[in-house]
Amino acid sequence: MAMKALSKATIYQVAQLAGVSIATVSRAMRDSDLVTEQTRERVLAAAKQLRFTPSRAGRSLAEGRHAANGIVFPDLVGPYYAEVILGYEATAAGFGSSVLILATGGRTDADAAVRELATRVDGLTVMGQTVSDEVIAELRLPVVLLARDPVPGVDTVRAQNARTARSLVEHLLGHGHRRFTFLGDPAGSPDVRGRYDGVRAGLKRAGVEPADLVPTKGFDLEAGKEAAKALQPGTAVVCANDELALGVLLAAEEAGLRVPQDLAVTGWDDLLAARFAGLTTVRQPMRELGATAARWLNRRITDDMPAAARRRVLATQLVVRRSCGIHSPEVHR
């Protein structure tokens with residue numbers, strides 16, 4: 001006669017046998033400092049007797065968690081956001097967490113939407129200037145900031161902007177450029193503001209006139225084409241991202257302007273299209289930005305002990321191609 005398969009032990013059975021709560025079982029299995037050694041030994045003995053193997057779902061249930069976290073974006077349009085999401089979701093999935101995504105662009109109820117999302121997740125990653133510092137401070141769950149200025153007591157992950165922008169300006173000055181225009185809206189993005197500040201600092205150090213600022217309505221290809229109407233031949237154009245720069249390249253071609261002879265054009269991000277277009281740009285670790293935020297948030301969700309807020313600035317890299325005046329193979333600096 002075939003033997004009847006034994007049913008798998010549950011965390012409730014372990015808790016009952018050890019005489020503790022399911023939350024204590026979960027903490028004991030994770031070797032938490034909140035559980036005494038005597039209690040831990042009792043729980044582990046019960047788990048061994050019942051042949052209990054903890055699951056991610058069981059741990060989440062025991063700790064009153066959702067097994068999900070949220071990420072708040074300014075927008076979801078464009079390859080930059082797609083790359084960050086890929087890095088974030090892949091890392092969160094490795095921790096057994098699903099991801100709820102909220103885009104605040106164009107919403108009049110952004111604050112309310114973020115507060116509502118916070119009730120359905122174990123932690124939040126907030127990207128860019130999506131909600132105010134006051135909203136961040138009132139959220140009663142783990143939070144990580146991404147591509148945003150720090151808020152006291154909150155972890156922050158950013159990419160290097162100002163320093164690499166100064167290096168970009170120094171390179172353009174080395175080509176003899178003295179007239180500069182910056183395309184983008186520094187008021188709408190901490191990242192863009194950092195790039196603009198770096199350009200200004202580099203020009204000031206060289207004793208060159210400040211760059212003209214052409215604010216853009218968005219950061220996509222069409223916004224770049226529209227902004228290009230304000231450009232004059234003989235200008236070095238520093239764009240806030242690659243999509244704007246690619247729009248400038250298209251507009252220049254339509255206007256009969258040669259790049260780099262009539263216009264030097266640079267971008268930021270190093271999208272795949274930038275490589276085919278020969279665009280000088282700044283490479284930033286888009287997927288690693290998302291992955292780092294997901295790792296830090298998971299640590300905040302699962303760690304019982306409080307820790308000081310962390311700050312990390314990921315390195316970016318100037319990538320020189322033909323759009324700024326160089327015709328030799330790609331050079332990295």
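The values are calculated or read from the model by the stated rules, or taken from the named source; none is laboratory data. Just so it is clear, the structure is predicted and the values come from calculations on it, not from any experiment. Neighbour counts run over all protein chains shown; Cβ positions are idealised from the backbone, glycine included.
Those residues that are assigned to a strand (DSSP E or B) and among the β-branched types (Val, Ile, Thr), I need them from segment 143-169; list them, please. It would help to see each step written out before you state the result.
Kept after step one, since they are assigned to a strand (DSSP E or B), are these residues of segment 143-169: 143-146, 155-159.
VAL143, VAL144, THR156, VAL157 - these are the residues of segment 143-169 that are assigned to a strand (DSSP E or B) and among the β-branched types (Val, Ile, Thr).
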Checklist line | Cβ pairs under 9 Å, 6+ apart, first in segment 156-173 and under 20 Å from LEU279 (Cα atoms), second hydroxyl-bearing (Ser, Thr, Tyr) and part of a strand (DSSP E or B) | finding: LEU168/THR266; LEU168/THR280; LEU168/THR281; HIS171/THR266; HIS171/THR280; LEU172/THR266; LEU172/THR280
Item checked: Leading residue by the ranking (nearest to the chain's Cα centre (by Cα)) among those in segment 224-245 that are of a type outside the set (Gly, Ala, Ser) and crowded, with 24+ Cβ neighbours inside 10 Å -> ASN241
Check: Mind checking which residues of segment 99-123 are over 16 Å from the mean Cα position of the chain (by Cα), at pLDDT 90 or above and small (Gly, Ala, Ser)?
Finding: ALA110, ALA112, ALA113, ALA118
Margin query: Looking only at segment 170-210, how many residues end up being over 22 Å from the mean Cα position of the chain (by Cα), assigned to a loop (DSSP other than H, G, I, E, B) and closer than 18 Å to THR280 by Cα?
Written below: 5
Next item on the list: Provide a single number: the residues in segment 161-194 that are buried (at least 20 other Cβ atoms within 10 Å of the Cβ) and either of a type in the set (Val, Ile, Thr) or closer than 30 Å to GLU138 by Cβ (or both).
Entry: 8
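Residues of segment 261-313 being among the hydroxyl-bearing types (Ser, Thr, Tyr) and touching a Cys at 6+ places or on another chain (Cβ under 7 Å), which ones? Break it down into steps so the answer makes sense when it comes.
Pass one, segment 261-313, residues among the hydroxyl-bearing types (Ser, Thr, Tyr): 266, 280-281, 292, 302.
Matches in segment 261-313: THR266, THR280.
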